[in-house]
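Read the structure below first, then the notes.
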Amino acid sequence: MALAKRIIPCLDVDKGRVVKGVNFVDIRDAGNPVEVAKRYNEQGADEITFLDITASNEDRGTTVHMVEEIASEVFIPLTVGGGIRTCEDIRRMLNAGADKVGINTAAVFNPDFVREAAERFGSQCIVVAIDCKRVSAEGEPGRWEIFTHGGRKPTGIDAVEWAIKMNEFGAGEILLTSMDRDGTKNGFDLDVTRTISNAIPIPVIASGGVGNLQHLADGVTEGHADAVLAASIFHFGEYTIPEAKAFMAAQGIEMRL
Amino acid sequence: MKTIAVIDYGMGNLHSVSKALEHVATDQKVVVTSDPEVIRNAEHVVLPGVGAIRDCMAEIRRLGVDKVVQENIASGKPFLGICVGYQALMQDSEENGGVPCLGQFDGHVRFFGDPLVDDNGEKLKVPHMGWNRVKQTGSHPIWNGIEDDTRFYFVHSFYVEAADQSQVIGETRYGKTCHVALAHENVVAVQFHPEKSHDAGLQLLKNFAEWDGKSA
């Protein structure tokens, strides 16, 4: 009897459509977010993450309505990220029906925002997203740095130290994305996942690079992740959530079947 | 039309609870309110809550929700506490350096401990976040149609230790044995989030909405 590891399908939403950039170039349309979320809910997903990658602010209203619609029909935890910069943004998403919000860039530029948000809304709803790249050379001990702007801008911040700091500031969970792996289908960066997961008491969600079911299992068994996030392998029907769960359970991982 | 009142004391996300109740109790009206009169007139009452217990209890007392809870429980109507709304019904909590609570159940809210380890000595994460099994240790109408050991969604760093084992109707193992569902007369309360627990959670809420408040 134990806590189950979670599978979290991620919806990257641009202008009201689910998209997935393969290596950030070829953006493929994967449907209406509400329909996609309902499908994953029916399949037995453990949570859903909705990432608003819309560049312009004027389309944010669409996101709020979609979150409202999803929350009225999907009764599993829903995390909403993308463009969360103020407590007002958080309030709006929670009122729309999100259970947790993902804070990314805003945390890097203003770490106190995480502290303020956790104090006001509770740690349980504050997910700090960390986008990192390996900066150590081959053969050197692993070192990872935080990057912003879709992986283009280095910040000089060490990812492991940052995760420890975000835990101290009240984050309830870490969504860890390897920008080296995102979109590659080569699997998670297991080293950084394990290093961070072992360094902090709060759960870590592994993200970036899933191409097959073994990658999901490896995220848990070798990366020590508490949850695994994937997008394209589910969106385009390569695998279903029940297939992924059965596969992981067969390797001895505790799952909610 | 009968009414289910979800008590609003300004803490956390009540949307999920009310949406889930609306989904299962289609012939009942669901209102999110802090108005004592509306709550008094409702047939069912739900006390939800997320966040820190100190802030929740402060708002509960400031808005007079403590009296509303007491009065509605005494009236014999079906009453459901969820998560922090569950913990608030205990005697006290160790969170935030010790906070007195409403004392509807003889129980204490304890910290999971640091480090917390499982039965094999493996370190466990705190908060206890995700889907864990609930052992139905007592029969109750809210378990109707829900299999024993079904998984529900949890998010909490403190757990309830009840003094009266006869009130415990659900237990979960996470480093410790946590009492995650308690029942006494017309009151039932759960640590997990039924509104986020997919089909089993919706079934539990439906059972509550149909319950007349009489034990078993």
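Worth pointing out:
- Close contacts from the range A:1-29, counting a first residue that is of a type in the set (Gly, Ala, Ser) and a second that is modelled with pLDDT under 75 and surrounded by 13 or more Cβ atoms within 10 Å (Cβ to Cβ), with Cβ to Cβ under 9 Å and a gap of 6+ residues or different chains, come to A:GLY16/A:ASP59; A:GLY21/A:ILE27.
Matching residues to (1) outside any helix (DSSP H, G or I); (2) within 20 Å of B:HIS44 (Cα to Cα); (3) of a type in the set (D, E, K, R):
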{"site": "B:THR137", "(1), (2), (3)": "yes, no, no"}
{"site": "B:ILE146", "(1), (2), (3)": "yes, no, no"}
{"site": "B:VAL155", "(1), (2), (3)": "yes, no, no"}
{"site": "B:SER166", "(1), (2), (3)": "no, no, no"}
{"site": "B:ARG173", "(1), (2), (3)": "yes, no, yes"}
{"site": "B:ALA181", "(1), (2), (3)": "yes, yes, no"}
{"site": "B:LEU205", "(1), (2), (3)": "no, yes, no"}
{"site": "B:ALA209", "(1), (2), (3)": "no, yes, no"}
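- Considering (1) within 28 Å of A:ILE8 (Cβ to Cβ); (2) of a type outside the set (Gly, Ala, Ser); (3) at pLDDT below 95; (4) in contact with an Asp or Glu (Cβ under 8 Å, 6 or more places away or on another chain), the lone condition that B:ARG54 does not fulfil carries the number (1).
- Subset of the range A:93-114 that is of a type in the set (D, E, K, R) and surrounded by 20 or more Cβ atoms within 10 Å (Cβ to Cβ) - its residue that is farthest from A:ARG152 (Cα to Cα): A:ASP99
- The range B:154-176 - residue that is polar (S, T, N, Q) and within 13 Å of chain A (Cβ to nearest Cβ) and, of those, farthest from A:GLY122 (Cα to Cα): B:THR172
- Filtered by the rule that a residue be out of contact with any helix residue (DSSP H, G or I) (no Cβ under 8 Å at 6 or more places or on another chain) and surrounded by 20 or more Cβ atoms within 10 Å (Cβ to Cβ), the range B:176-191 gives B:CYS178, B:HIS179, B:VAL180.
- Residues within the range B:111-153 that are touching a Ser or Thr at 6+ places or on another chain (Cβ under 8 Å), more than 8 Å from chain A (Cβ to nearest Cβ) and under 18 Å from B:GLY85 (Cβ atoms), tallied: 3
- Candidate set from the range B:7-22 (those that are within 14 Å of another protein chain (Cβ to nearest Cβ) and either of a type in the set (Val, Ile, Thr) or closer than 21 Å to B:ASP212 by Cβ (or both)); member that is farthest from the chain's Cα centre (by Cα): B:GLU22
The values are calculated or read from the model by the stated rules, or taken from the named source; none is laboratory data. None of the values given here were measured: they were computed from a predicted structure. Cβ sites come from the backbone with ideal geometry, for glycine too, and all protein chains shown count toward neighbours.
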